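A quick write-up on the structure given underneath.
The values are calculated or read from the model by the stated rules, or taken from the named source; none is laboratory data. All of these numbers come straight from a predicted model, not from anything done at the bench. Neighbour counts are summed over all protein chains in view; Cβ atoms, including those assigned to glycine, are modelled from backbone coordinates with ideal geometry. The protein model used for the area step is the full one, side chains on, heavy atoms only, and it has no ligands, DNA or RNA in it. Shrake-Rupley method; radii C 1.70, N 1.55, O 1.52, S 1.80 Å.
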Amino acid sequence: QASWFGVASETDIFTSETSINNVVQDIQTGRIYLGAVNTIFQLGPSLRMQARADTGPKEDARTCTPPASACQDTKPMPNLNKLLLVHPSNGSLIVCGSRYRGICALLNLTNVEQQLYYSDSKGERTYVASIEDNVNVVGVMSNYTKDENTFSVFLVGKGYGSLDSTKLISTRILQDYREWVVFESIIEASTVQTTPFVPKYLHDFRLAFKEDGFVYFLFSRTLDGTDNKNLTFVSRLCENDHHYYSHTELQLNCGPNNRYNKVQAAYVASPGKELARVMTESGMYGKVVSWNKVLFMVASPDDDDNDSALCMYPLNFINERLVDIISACYSDSGKISGFPAVDIPYSSKNEEFCSSKINTLENFKCGADFLPSPLASKPRVALKADAVLTKPGLLTAVAVAVENDHTIAFLGNNQGEVFKVEWSFDLLLFSLFFPLNFYLREAGWGNCSKYLMSNGVTFCFLCTRRSECRRAEEKNGWLWSYRQQCVKIVSFYPPNLSCKKTQKVQSCFSSHSFYVYVFVFRCISCVASSWGCQWNTHDHTCSDMDDSVNGSNIIKHRQGAKCPQFENPDPVLIPVGYKTRISFEGINLDLYQFSYDKSPETNVLFYVKDKESGKKMDSTLNVTLYNCSMGREDCSLCKNSDPKYRCVWCAKQKACVYEKLCSPDQGSEYPYNTECPDPQITKIIPHFGPLRGGISITIQGSNLGIHKEDIKSITVVGEPCIHQEEKYSVSTSVVCEIGPVDPTGGHWGKVEVEVKGEKRGTSSMYFTYRDPIPEEVKPSRGPKAGGTLITISGRFLDTGSKNDVQVTIGGLVFPLQGRGFSKAMTAKEAQAFVGDVPCLVNTLQDDKLFLDPPSTPPRARSRRHRRDTRPEFPLCVYPQIKFGKGEWVVGSVQYEKKNDLSLYIIIPAVIVPMLLIIAISVYCYRRKSQQAEREYEKVKHQLENLEESVRDRCKKEFTDLMIEMEDHTNELSEGRIPFLDYKTYTDRVFFLPSKDGANDVMITGKLDIPEARRATVTQALNQFSNLLNSKTFLINFIRTLERSHDFNARAKVYFASLLTVALHGKLEYYTDIMRTLLLELMEEYVHSKNPKLMLRRSETVVERMLCNWMSICLYQFLKDSAGEPLYKLFRAIKHQIEKGPVDARVKKAKYTLNDTGLLGDDVEYSVLTLQVLVQGEGPDVTPVKVLSCDTISQVKEKIIEQVYRNLPYSQRPKVDSVTLEWRPGSTGQILSDLDLTSQKEGRWKRINTLAHYNVRDNATLVLSRVLHTQQNYDQNQENHEERNALLEDDKVFHLVRPADEMDEIKSKRGSIKDKSMTKAITEIYLTRLLSVKGTLQQFVDDFFRSVLCSGAVVPPAVKYFFDFLDEQALKHNNVDEETIHIWKTNSLPLRFWVNILKNPHFTFDVHVSEVVDASLSVIAQTFMDACTKSEHKLSRDSPSNKLLYAKEISTYKKMVDDYYKGIRQMIPVSDQDMNTHLAEVSRAHTDKLNTQVALHQLYQYASKYYDGIIASLDEDPAAQSKQLTLRLQQIAAALENKVTDL
């Protein structure tokens, strides 16, 4: 489908072969850029094509992750243009398409055929647009400031595609900076990342624009994801908000009852004087002035594409309503006029969120991290506007212009028609339309009378130029009129105009003159002129004022003081004919950075002008500006500069500067005497070399000497390296030849360079000695003449550099060396003889000739060349080369002499022993032939049985594996993740492992305190809380307890958890206590113990405090990031295990990751689908998949899980509270695990299964609740106890019957065959571990990546604590990198993540069975192994779980290393930022915890160790000054109801 685009007149039309998606214009040049399908067009102002760039079709696939070369099933696909933005500051056009996951490119604004930047290898962080055709993308240019650097960025608003990221709004950088790359999303803000809610909201972005320090996005979305009705919203961000805290959305209603609820297009423009007046008088919009901006929006109903409307919203009206919403949330609990007005979109939170009380909104107008965000208006406070125009059809475009203070709108619809709309004084609208037909024109009608509307009003168009209007000379005939006549022209605006400027002249008197001026200015005269000009210092041009063009190179009107100029010449009087030295000063020359920053020297020409004529005289006033710092980045390069420049290394500035620009500090040495710092080594090329040395390595860095003689020594891995002086580069590069490595020492190490003055530099990277190991050659054979390209693969082939590699290939072909062979003959013409045998010449070179020698010694061709047969020498034959009549003898070929022995000696020596052996063998064979025959038959029978068994099982295993490799993702994503609330989460993490478990008083919250004493106890506990907030008291309290011998490890863990809850309201203080105790612990381990053992176990209170601190700080990270992959992993394991038999008694499963929990018997079963009817809950049945070998309790569990899958585990009925009834006929049968029908095998009783009851596929079962009435309670209780007693009987089994005494006796009598077969078959089942591992691998990898990915969001607590460990390690000499790694591993992965991984019920409302726990333990062990630095030596005797993940462990180890390195490189988290975060956690959750109970339990420890605490406080002067002893005694008296003299 072709598209046309046109303006100005009917002749200015441009045709595109494909649909046009986007149009933008460069305001500075007037060029127009079209983003079409598969093409970008560059047009001139008259629509003539200047250049085009093809962007498609591209080889791509929907699921392809760039680069496309790595994808399969690709095909040519069209590339729709999704985003087109002009980036004028660097002359580029931002182009984003629908291919390759929406990657963008930068094209040259001057010539779009030139691509300035494109990369498809930077990963997901650079995917900007969408591959979906129906997903709209909008963008706007902006700036971003970081580290006092300002970068050009663009903000993007994007809807959601099925394969897109879920970032609604992102900020994209346009240059590489540190770890950022071009097009990377540089703001990670959870406020507008709506995972996993975004698909429900159906965002459809239509416009992005900037105004007055804010960025606005206009879009439609659903209200809350519960229905599909779209509503229009405008959102606002502060332009300098680097976290999107200010993101606030306002609903816009258009028309009566918001009939036109879905925005289609919009335009932002000033309203014009007349429209502003009418809008103000209407009273709907408040006060509107002509210079304010108005949002003009066309919208349509959701369900009717044949009706559209135009609505107007003044921007200040929008801003006022947004401020009302923000103020309501920050100050008035989210209410306006007493009604709820504020909502938090994209969140599942139901609790109150607008609980802040901010009095001065001005300080937080852009939000803050501790304030709720994002915000949105509720429908009640939506901004309403009447439809000022309604039209049938679907309006899809709008543009607005102001002429003579009157406002004109152009509206386009989906039928290719454009309507021109003008607002009259009474806001009536008149319109006409003309067909667009895929092109656009600006109207050029000359005869206005033919466009008379039905109401008789004349409607004339404004001509482009007066000379083109045929009615221009008629009275009042140039412009349109509202009252049957054309408007009288009254004035020109503006009165003057640059000839280079394109601007409409609004009106004029016929006798009035309009001037166009052309001037050539210098800077001062340019900006001082009355024409409103500005000066560009880069290209030395004077141009019209343009507020959109800014920068240090632009000097605005009336800013002449900023112009670059030379002044203050000395002397001012210069006699003619006498050579005079002139000095002068320059100001504002820093604007010309290109003159002396990008090159060390620049020639500057000065000239003299004739005063009268202003003409330049011939001049040779040429001076050189130079910059000492350019090309002399370090001290050595600076000292090596030409003395004429007088450059010195200034230690104070750490830069090379002109000597007079360096003012040395008092007491410091003169700059010329400054010594250079130690050498720095930044790069080694190559990183690997052969063990025998002999190759050159290049060492790059800085301050590597000034002269080649300055290099005193070079060592590589402790071995001397010979300096190659001829390859030396001053300061930056040293080349040396390495020697062989000492075989007794290490093969890897650092590189050290010593320069003059005993200064040494050591590399941070390592050099490794190793030899390449070729392992395979392809092809393995080729023609003897050579010429075959071979590929050698192996290990360590990147040893050395490319120039160091030599390849030699051995074989029978040998070379003859000489000179001039190829000049005299060709290979075909040459003849070669070895003795009397002719040889084939394979290859002929100038100095070598290759031929094949005969395998046996030939005879000599002549006496002169006879063989040398002396016995003391090998046989020697002389090769001969013949060409034409010429013959040449070249060297000799030696054959080893063979020691020929007589046959009569060899034959007896060989044959006689053989005959003896045969005779003995025949004798033995006859002796044991019958016995062997019997054994053979026996073994053959065993092998046949084993083979048949293995064949059947392997076929079944293969079938099972195919079934298992299903995609679980769809099933898992259907249900909501049942995250525990904060209190339940902390209760389970802190107290569930305690001796009382779920009955612990901290979980139940029940204290046995008499009613009469509750007020007293509460008051005393509050006093005790205040006492705990004394650091002196708390430190003494903890130290006293830890000194006590009966304060065991369990008590320490429990005490630390109580302390965490008690101090939860002041987590900053809790963190300070933890730091103090950790510093003491660190000193103890570093100086008196093994530092690597620190934090390994919870042997102290502070170690458990750290674990709890991590649990608190990472709760939100669990919910936002790591929780989902962890839950999916848990669900996948549970699903896999339950697909096969699970023994209810021995807790073993057919499908598991744990070899000790593997069901080692082949259990026959089938999959059944039961139709379950829940009594009392309607007639609907629920299909449930179970196994025929499942016990009745297992069936109940699966039924409950399926029927109540939308409820968390704690709200579901329990197995014992329901009964299961099977109704095969007219009567029903209650199913139970044990009853009178249970089968017996000897003394063993088998638990009932579905197979026992003969339940068939598609059987109907009824699930009903057990109602414990008073009448039948006792009976039910007895039945329940009886059933439990039966189940607990040692003689009950499910699938595998344990061997009893009789079985053991039989097994002793069993044959070797039975035992070996049993062992072999058991080992066969170990393959199931691999099949389960393969099925779950993706889920395991996803969880590991979510936890160990520093590129994503890293919790601030992790960065803060890891920096604390790094900081403390630097203070101790015996703490190496490995120790730091172990500390970090012990503090986070082993202390927190392993605990969470092994106990999903700590995070989710789920039940973890023993068989699931066994598999989770294997993954947890793998996670632990990945975090350790030690290498695991695996053997055949290693545990199966270690062998299972042996291949992946190296990848996981690298993930851990990269995670730690990535965190180290992140921006530090300050104490203030951390305290702010902790204060927010305290504020949000403290009131939900059982703080009073925790204080009461803590006091029990204070009471138990009361005397020791009192003694410790009495010995502490700080405690004495604060009277802490007295305060504790008072609290003890109140809590223990003692009467004392206090």
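Miscellaneous remarks
- Where strands (runs of 3 or more DSSP E) sit wholly within segment 750-836, none has at least 2 residues that are at pLDDT 90 or above, over 19 Å from I722 (Cα atoms) and among the β-branched types (V, I, T).
- Against the test of being at pLDDT below 90 and within 29 Å of F1117 (Cα to Cα), the options V1354, V1358, V1340 yield a single qualifying residue, V1354.
- Index of the failed condition, D60 passing every other in (1) touching a Phe, Trp or Tyr at 6+ places or on another chain (Cβ under 7 Å); (2) closer than 22 Å to I187 by Cα: (2)
- Of the residues making up segment 647-685, those that are open to solvent by less than 30 Å² (accessible area, probe 1.4 Å), part of a loop (DSSP other than H, G, I, E, B) and modelled with pLDDT under 85 are C662, T674.
Here's the yes/no breakdown for (1) assigned to a helix (DSSP H, G or I); (2) open to solvent by less than 10 Å² (accessible area, probe 1.4 Å):
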position	(1), (2)
M1105	yes, yes
M1110	yes, yes
K1134	yes, no
K1147	no, no
T1152	no, yes
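- In segment 22-47, the qualifying residues are those that are modelled with pLDDT under 90 and open to solvent by 20 Å² or more (accessible area, probe 1.4 Å), and the one that is farthest from V95 (Cα to Cα) is S46.
- Strands (runs of 3 or more DSSP E) enclosed by segment 1173-1232 - at least 2 residues per element that are open to solvent by less than 40 Å² (accessible area, probe 1.4 Å): 1181-1187, 1218-1222
- Here Q114 passes the criteria (1) among the polar types (S, T, N, Q); (2) over 25 Å from F209 (Cα atoms); (3) modelled with pLDDT under 90 except the one numbered (3).
- Residue within segment 321-332 that is more than 18 Å from P374 (Cβ to Cβ) and in contact with a strand residue (DSSP E or B) (Cβ under 6 Å, 6 or more places away or on another chain) present: no
- Against the list (1) farther than 19 Å from N134 by Cβ; (2) at pLDDT below 85; (3) assigned to a loop (DSSP other than H, G, I, E, B); (4) touching a Ser or Thr at 6+ places or on another chain (Cβ under 9 Å), the condition R62 fails is (1).
- Failed item, numbered, when N622 is tested on (1) without any contact (Cβ under 8 Å) to a residue 60 or more places away in the chain; (2) open to solvent by 60 Å² or more (accessible area, probe 1.4 Å); (3) not in a strand (DSSP E or B): (3)
- Residues that are assigned to a strand (DSSP E or B), touching a residue at least 40 places away in the same chain (Cβ under 8 Å) and either farther than 14 Å from E754 by Cα or in contact with an Asp or Glu (Cβ under 8 Å, 6 or more places away or on another chain) (or both), drawn from segment 717-744: E737, I738
The rows are residues; the columns are (1) of a type in the set (S, T, Y); (2) surrounded by 11 or more Cβ atoms within 10 Å (Cβ to Cβ); (3) part of a helix (DSSP H, G or I); (4) at pLDDT 60 or above.
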| residue | (1), (2), (3), (4) |
| --- | --- |
| A909 | no, no, yes, yes |
| Q930 | no, no, yes, yes |
| E933 | no, no, yes, yes |
| E944 | no, no, yes, no |
| R953 | no, yes, yes, no |
| D960 | no, yes, yes, no |
| Y985 | yes, yes, yes, yes |
| R988 | no, yes, yes, yes |
| A998 | no, yes, yes, yes |
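- Residues that are closer than 19 Å to N640 by Cα and buried (at least 20 other Cβ atoms within 10 Å of the Cβ), drawn from segment 711-734: I711, Y728, S731, V734
- Restricting attention to segment 1154-1165 and to residues that are open to solvent by less than 50 Å² (accessible area, probe 1.4 Å) and assigned to a loop (DSSP other than H, G, I, E, B), the residue that is farthest from H1252 (Cα to Cα) turns out to be N1154.
- Among residues of segment 113-126 that are open to solvent by less than 50 Å² (accessible area, probe 1.4 Å), those with a beta-carbon under 7 Å from a residue that is in a helix (DSSP H, G or I) at least six positions away or on a different chain give the pairs D120/Y100.
- Pairing each residue of segment 529-556 that is of a type in the set (A, V, I, L, M) with any residue that is open to solvent by 40 Å² or more (accessible area, probe 1.4 Å) and not in a strand (DSSP E or B), provided the two are 6+ apart or on different chains, yields C-beta distances under 6 Å for M545/H557; I555/K562.
- Top-ranked residue in segment 85-102 [being open to solvent by 10 Å² or more (accessible area, probe 1.4 Å) and among the aliphatic types (A, V, I, L, M); ranked as farthest from T126 (Cα to Cα)]: V86
- In the set (1) open to solvent by 20 Å² or more (accessible area, probe 1.4 Å); (2) farther than 24 Å from L1059 by Cβ; (3) over 26 Å from the mean Cα position of the chain (by Cα), the condition left unmet by A1479 is number (2).
Residues are listed down the side, and each one gets a yes or a no for (1) under 30 Å from I186 (Cβ atoms); (2) in a helix (DSSP H, G or I); (3) modelled with pLDDT of 85 or more; (4) open to solvent by 50 Å² or more (accessible area, probe 1.4 Å):
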residue	(1), (2), (3), (4)
D1458	yes, yes, yes, yes
M1466	yes, no, yes, yes
D1487	no, yes, yes, yes
A1519	no, yes, yes, no
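- The set of residues from segment 132-168 being open to solvent by 40 Å² or more (accessible area, probe 1.4 Å), touching a residue at least 12 places away in the same chain (Cβ under 8 Å) and acidic (D, E) comprises just one member, D133.
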